[in-house]
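Novice: Sharing a structure, written as structure tokens. Questions coming.
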Amino acid sequence: MIRLNNIVATYTTTRGEVSAVDGVNLEIPTGKIIGIAGESGCGKSTLLKVIYGDLIYPLALKTGSVQYGFDSFGQEVTTSDIKEYWFKRISYIPQSSMSSLNPVIRINKQFTDHLDPSTDKAKVLEDVRAYVQKLDLPPEAIDAYPHQLSGGMRQRIMVAMGTFFNPDIILADEPTTALDVVVQKGILLLLMGLQEETKSTIFFVSHDMGVHYQITHKMLIMYAAKVVEFGDSDIIFTEPLHPYTRMLIESLPTIGDDHLRTGVSGRPPSLWEDLTGCRFAPRCPLATELCQTTEPEFKEYRRGHFAACHYAENTYQSSEIAILYDHHPQNQSPE
Amino acid sequence: MKMNNRLKIGIVILTIMVLGSFLLPLFHNADPTKQGTFPKNLPPSLAHVLGTNSLGQDLFWWLVYAVRNSLILGVSVSIFTTLIAGTVGLTAGYIGGGSDRVIMTLTDVIIAIPVFPILIVLATLVRGQTSFLIVSVILIFFGWAWGARRVRSMALSLREREFINVAKFSGSTTLKIVFREVFPYVFAFMVVDFINAILWVINTEAALAVIGLSNVEIPTLGSIVFWALNYNALFIGQYMWIVAPVVATVVLFLGLFLTSTGYNQMYATRRGHS
Amino acid sequence: MALFQYIVGRFVSYFVVLFIGLTITFFLPRLMPSDPIEQYIFELQSQAGQTMSPDEMANLRETLSQIYGLDGSLVSQYLGYLERVILHFDFGPSFASFPAPVIGFIVRALPWTLGLLATTTLIAWTIGNLIGLRAGYHHNSRAATVMEVVGVALYPIPYYIVALVLIMVFGYLLSIFPLTTTIRPGPLTFAKMRVILYNSVLPALSIIVVGLGWNILSMKALSFAHKEEGYVTFARLKGTPSRTIMNSYVGRNSLLPQITGLTLSLGAIFSGALLIEILFSYPGMGLLMRTAASSGDYNMLYGTILVTIFAVATATLVLDLIYPVFDPRIRYR
């Protein structure tokens, strides 16, 4: 179990402090692919940084900590010492492979330059060569310079770097956004296959609900610095509890459906505003007086299915939400 | 837009130097280069702030005229080099293709040729009659290449940007695009290059003057040093004769440099990559 | 293949620079209003204090024209000039020390200039980059701010000012180093090498000080910018040691524009060194030029200028050819 204990993460700006992740309390089962979704600025990348323990100015962990569910010298590893385990037990796959690789040194050097100086690097590279073949890469690929490889190959290299050391936890921040669809599919299948084999925990951040649908076991939906829903992916995609989740799913196209895609209209609130009540209320077709004034509690509605909505119990049953949503004044666009 | 400290200090220095060197001569009619106007080798006093030299000239007034003349030369030559650099750089960078290759080869050649020896030859050829005009022409001829290179690479990167394409597809002519869309971006770079060019021009003329190959009859920051060296100012203990122009030059150059880098920094911050 | 293209391209521009340099040097004196021959004759007469007979004058004119390569049409003059200079390195005889050929003087002066320049540029570039990298990488530290201030203070100061200050401080006030260079000819013994070093300290220091300012500032700006690159962030998240990140990531990438910058400023550095030589009477190309300028020795001037252009162009070519060693994107395409 990975525990996120009451996490509040703030950025220091010229205007003051702003909480990009505001009170996240979760227990996440290990050995699963966890999708994190939400609009840009909802705090999903910040949450990823907090989990990774990459807390450098202007980002700071105001309160809370992460318990990673593995021990070291009999003590459970937490936020305070996770740095020691970077690319040993927790790894990170960045968004853009082109800018994440140093253009002027060979990939093999970048594969090993974080290792302890006492490591036998030649031996490690031998294993890496064997390993990358499993990832459909020629073994020579690691002796190349980044610009000599195609975008897809480079992203496979990034996956190889992030998985070679067999970490317990892998954080992937939109690892396929820069790639074309065919290559993207290859990388996703690769990640799924590797996870299946090693049973590591993958946190997968993407704004693409289609991708989440394909690969995740669990989903974590964020809105305006809060987690609004968490549960098994198959349930979330069929019977979401939170209207926001519902809207995100609604925006997905399905084959044979020629309805006009509505998307989620409106914008999330500025985190600088006074945020009383439910943060989604201004955009929510179901919002009532209660939603404007009282913040809904994030609680378990069904086994392993959490949500923060006053009307969570009604939502998934209500087929009217789609209709309500279509008639919401914000959606009456000129076209 | 907020000014940074560099820019503030730079502008203050430049304002004092420019105002001082241009306004003070209005209250002083005498020719500072005339020899024997005053007693020789006077120490600094109220009447002669920096004292007088071995030629009986007032050092303060000589210096005021020197700063003024150096600035006039620097600014007027730099106007030309910056205009040429802008035109050439925009042409090469925006139109590209064959004209770009030809222009860039020419630019690289001019950058590779050391200017100073050529100036020495020219000064020798026109012996004794080295006029500011000739020096200026040569400085313009060799001075535009650096700026052109910078403007070109700027324009080149702009060519690929979205808003330029929008303008292109909405039917603007090339000339219009260059002037309406590209030029405003390049302008900040040209201001920086303009100030750097002033530095370079004043420096090069002064270097030529120090070794006696410019027109040393006209007071400039270089010619004052030439006379000081010629009369062995250090040897005879006339330190002020050398120290004063050295300090004035350092302060002026610092002012120019701080202004140009400060301005650059301010623009970089505004463009959002700082 | 791309590497081959790159090398061919560099050689082409090398020859273009040389050709244009040669041409400028040929046409420059011919575009000037004054006629070097008339000037020379005039000087000869005023020195001798007597007038020559018209016959003698005509004779002298003809001989001088031949020596200067000024007889015949402009085209044949130009071709003859190219042939002499390119094939035979023949710049004609010196006038101040007639009939010793100019090339002899240049061969003696050039090693001084190249030695002074190569050492000082290498020192200034290396130290400047080491300091600049640290200042840019640890840009928040106090030391970085101090280095930046030093860079800003040094950068805009012209060569002659630095030279004057060094002469004043170390020559006059402290009397540690000589004011001008005095090196007697003779075999290169250990003692003589010490004399050379002793005499070279101030000229070298002047060039290094100016170069340091430039290198510190530009390397600092580059390192600071490269620190924000994605690969630096990723290396940090991998747990790569800070030292490795500074050297292999930030440093290696900032080095490339620094090499280009050095290549482009060779001409300016050379100009500065010539001036320094003149101010310190250092027996290199600069001093040779200054002496030639005051004695009206035109062949010497054209010879020195051509060799200067040749030296700068060759140094540029060498740096251009070294560049791919540091940039794999040119080496492998």
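The values are calculated or read from the model by the stated rules, or taken from the named source; none is laboratory data. Fair warning: this is a prediction, and the values are worked out from it, not measured in the lab. So basically every Cβ, Gly included, is an ideal-geometry build from the backbone, and we count neighbours across all protein chains shown.
Novice: Taking the criterion of being at pLDDT 85 or above, within 14 Å of chain B (Cβ to nearest Cβ) and outside any helix (DSSP H, G or I), would at least one residue in segment C:146-156 satisfy it?
Specialist: yes
Novice: Could you grab the pairs with beta carbons closer than 7 Å, sequence gap of 6+ or different chains, first residue in segment C:194-218 and over 22 Å from C:Ala153 (Cβ atoms), second one in a helix (DSSP H, G or I) and among the hydrophobic types (A, V, I, L, M, F, W, C)?
Specialist: Final answer for the pair search is C:Ser200/C:Leu116.
Novice: While we're on this one: Quick check: anything in segment C:241-248 of a type outside the set (A, V, I, L, M) and either surrounded by 23 or more Cβ atoms within 10 Å (Cβ to Cβ) or within 30 Å of C:Thr181 (Cβ to Cβ) (or both)?
Specialist: Looking through segment C:241-248, none of the residues is of a type outside the set (A, V, I, L, M) and either surrounded by 23 or more Cβ atoms within 10 Å (Cβ to Cβ) or within 30 Å of C:Thr181 (Cβ to Cβ) (or both).
Novice: Do you know which of the residues in segment B:199-235 that are without any contact (Cβ under 8 Å) to a residue 12 or more places away in the chain and facing another protein chain (nearest Cβ under 9 Å) is farthest from B:Arg68 (Cα to Cα)?
Specialist: B:Phe235
Novice: Given (1) among the hydroxyl-bearing types (Ser, Thr, Tyr); (2) without any contact (Cβ under 8 Å) to a residue 60 or more places away in the chain; (3) surrounded by 16 or more Cβ atoms within 10 Å (Cβ to Cβ), identify the lone condition not met by A:Ser233.
Specialist: Here A:Ser233 meets the rest and fails (2).
Yes/no matrix, rows are residues, columns are (1) over 30 Å from C:Phe27 (Cβ atoms); (2) in contact with a Pro (Cβ under 6 Å, 6 or more places away or on another chain); (3) not aliphatic (A, V, I, L, M):
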position: C:Thr240; (1), (2), (3): yes, no, yes
position: C:Gly251; (1), (2), (3): yes, no, yes
position: C:Ala273; (1), (2), (3): no, no, no
position: C:Ile276; (1), (2), (3): no, yes, no
position: C:Pro283; (1), (2), (3): yes, no, yes
position: C:Thr291; (1), (2), (3): no, no, yes
position: C:Thr304; (1), (2), (3): no, no, yes
position: C:Thr308; (1), (2), (3): no, yes, yes
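Novice: For segment C:1-23, give me each residue that is over 24 Å from C:Thr304 (Cα atoms) and free of Cβ contacts under 8 Å to residues at least 24 places away in the same chain.
Specialist: C:Phe4, C:Gln5, C:Val8, C:Gly9
Novice: Filter segment C:265-286 down to the residues that are buried (at least 23 other Cβ atoms within 10 Å of the Cβ) and free of Cβ contacts under 8 Å to residues at least 40 places away in the same chain, then identify the one that is farthest from the other protein chains (Cβ to nearest Cβ).
Specialist: C:Ile278
Novice: Checking B:Val49 against (1) under 24 Å from B:Leu208 (Cβ atoms); (2) β-branched (Val, Ile, Thr); (3) part of a loop (DSSP other than H, G, I, E, B), which single condition isn't satisfied?
Specialist: Failing condition for B:Val49: (1).
Novice: Give the residue, chosen from C:Thr244, C:Thr233, C:Thr240, that is closer than 22 Å to C:Ser141 by Cα, within 8 Å of another protein chain (Cβ to nearest Cβ), modelled with pLDDT of 90 or more and not in a helix (DSSP H, G or I).
Specialist: C:Thr240
Novice: Within segment C:291-301, work out how many residues are more than 7 Å from chain B (Cβ to nearest Cβ) and either under 12 Å from the mean Cα position of the chain (by Cα) or assigned to a helix (DSSP H, G or I) (or both).
Specialist: Qualifying residue count for the region: 7.
Novice: Take the residues in segment C:43-82 that are at pLDDT 70 or above and among the small types (Gly, Ala, Ser), then tell me which one is farthest from C:Leu306 (Cα to Cα).
Specialist: Applying the filter and picking the extreme gives C:Ser53.
Novice: Let me ask something else about it. Of everything in segment C:157-175 that's over 26 Å from C:Ala135 (Cα atoms), more than 7 Å from every other protein chain (Cβ to nearest Cβ) and under 23 Å from the mean Cα position of the chain (by Cα), which residue is surrounded by the fewest Cβ atoms within 10 Å (Cβ to Cβ)?
Specialist: Checked segment C:157-175; the qualifying residue surrounded by the fewest Cβ atoms within 10 Å (Cβ to Cβ) is C:Leu166.
A quick yes/no check of all residues on (1) in a loop (DSSP other than H, G, I, E, B); (2) under 26 Å from B:Val121 (Cα atoms):
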residue	(1), (2)
B:Ala197	no, yes
B:Ala206	no, yes
B:Glu217	yes, yes
B:Leu234	yes, no
B:Trp241	no, no
B:Val246	no, no
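Novice: Identify the residue in segment C:119-145 that is among the β-branched types (Val, Ile, Thr) and more than 14 Å from every other protein chain (Cβ to nearest Cβ) and, among all such residues, is nearest to B:Ala209 (Cα to Cα).
Specialist: Per the stated criteria, the residue is C:Thr120.
Novice: Does any residue in segment B:236-252 that is within 17 Å of B:Trp61 (Cβ to Cβ) come within less than 9 Å, Cβ to Cβ, of a residue that is hydroxyl-bearing (Ser, Thr, Tyr) and surrounded by fewer than 20 Cβ atoms within 10 Å (Cβ to Cβ) six or more places away or on a different chain, and which pairs are these?
Specialist: B:Gln238/B:Ser54; B:Gln238/B:Tyr231; B:Trp241/B:Ser54; B:Trp241/B:Tyr231
Novice: Would it be correct to say that B:Met266 is more than 11 Å from chain C (Cβ to nearest Cβ), touching a helix residue (DSSP H, G or I) at 6+ places or on another chain (Cβ under 9 Å) and under 23 Å from C:Gly213 (Cα atoms)?
Specialist: yes
Novice: Hey, any hits in segment A:114-121 for a residue that's part of a helix (DSSP H, G or I) and surrounded by fewer than 20 Cβ atoms within 10 Å (Cβ to Cβ)?
Specialist: Looking for residues that are part of a helix (DSSP H, G or I) and surrounded by fewer than 20 Cβ atoms within 10 Å (Cβ to Cβ), one finds at least one in segment A:114-121, hence yes.
Novice: Something else: Among the residues of segment A:97-111, write down those that are buried (at least 20 other Cβ atoms within 10 Å of the Cβ) and either assigned to a helix (DSSP H, G or I) or modelled with pLDDT under 90 (or both).
Specialist: A:Ser97, A:Ser100, A:Ile107, A:Gln110, A:Phe111
Novice: Another question, if that's okay. If I ask for residues that are within 25 Å of A:Pro167 (Cβ to Cβ), in a strand (DSSP E or B) and more than 14 Å from chain C (Cβ to nearest Cβ), which ones from segment A:21-59 would you list?
Specialist: A:Val21, A:Val24, A:Asn25, A:Leu26, A:Glu27, A:Ile28, A:Ile33, A:Ile34, A:Gly35, A:Ile36, A:Ala37
Novice: Being under 26 Å from the mean Cα position of the chain (by Cα), over 15 Å from A:Gly23 (Cβ atoms) and surrounded by 15 or more Cβ atoms within 10 Å (Cβ to Cβ) is the filter here; which residues of segment A:281-306 pass it?
Specialist: A:Ala281, A:Pro282, A:Arg283, A:Cys284, A:Tyr301, A:Arg302, A:His305
Novice: Give the residue, chosen from C:Val195, C:Val201, that is touching a Phe, Trp or Tyr at 6+ places or on another chain (Cβ under 8 Å) and at pLDDT below 90.
Specialist: After applying the criteria, what remains is C:Val201.
Novice: Ok, one more. What number goes with the only condition from (1) buried (at least 17 other Cβ atoms within 10 Å of the Cβ); (2) assigned to a helix (DSSP H, G or I); (3) touching a residue at least 12 places away in the same chain (Cβ under 8 Å); (4) within 27 Å of the chain's Cα centre (by Cα) that C:Pro178 does not pass?
Specialist: In the conditions (1) buried (at least 17 other Cβ atoms within 10 Å of the Cβ); (2) assigned to a helix (DSSP H, G or I); (3) touching a residue at least 12 places away in the same chain (Cβ under 8 Å); (4) within 27 Å of the chain's Cα centre (by Cα), C:Pro178 misses (2) alone.
Novice: It is to be established whether one or more residues within segment B:81-89 are surrounded by 17 or more Cβ atoms within 10 Å (Cβ to Cβ), small (Gly, Ala, Ser) and within 18 Å of B:Ile138 (Cβ to Cβ).
Specialist: Yes, there is a match, as at least one residue in segment B:81-89 is surrounded by 17 or more Cβ atoms within 10 Å (Cβ to Cβ), small (Gly, Ala, Ser) and within 18 Å of B:Ile138 (Cβ to Cβ).
Novice: Across segment A:201-243, what is the number of residues that are under 17 Å from the mean Cα position of the chain (by Cα), under 30 Å from A:Tyr11 (Cα atoms) and part of a loop (DSSP other than H, G, I, E, B)?
Specialist: 6
Novice: Is one or more of the residues making up segment C:249-264 surrounded by fewer than 20 Cβ atoms within 10 Å (Cβ to Cβ), within 9 Å of chain B (Cβ to nearest Cβ), modelled with pLDDT under 90 and farther than 23 Å from B:Trp227 by Cβ?
Specialist: The answer is yes, given that some residue of segment C:249-264 is surrounded by fewer than 20 Cβ atoms within 10 Å (Cβ to Cβ), within 9 Å of chain B (Cβ to nearest Cβ), modelled with pLDDT under 90 and farther than 23 Å from B:Trp227 by Cβ.
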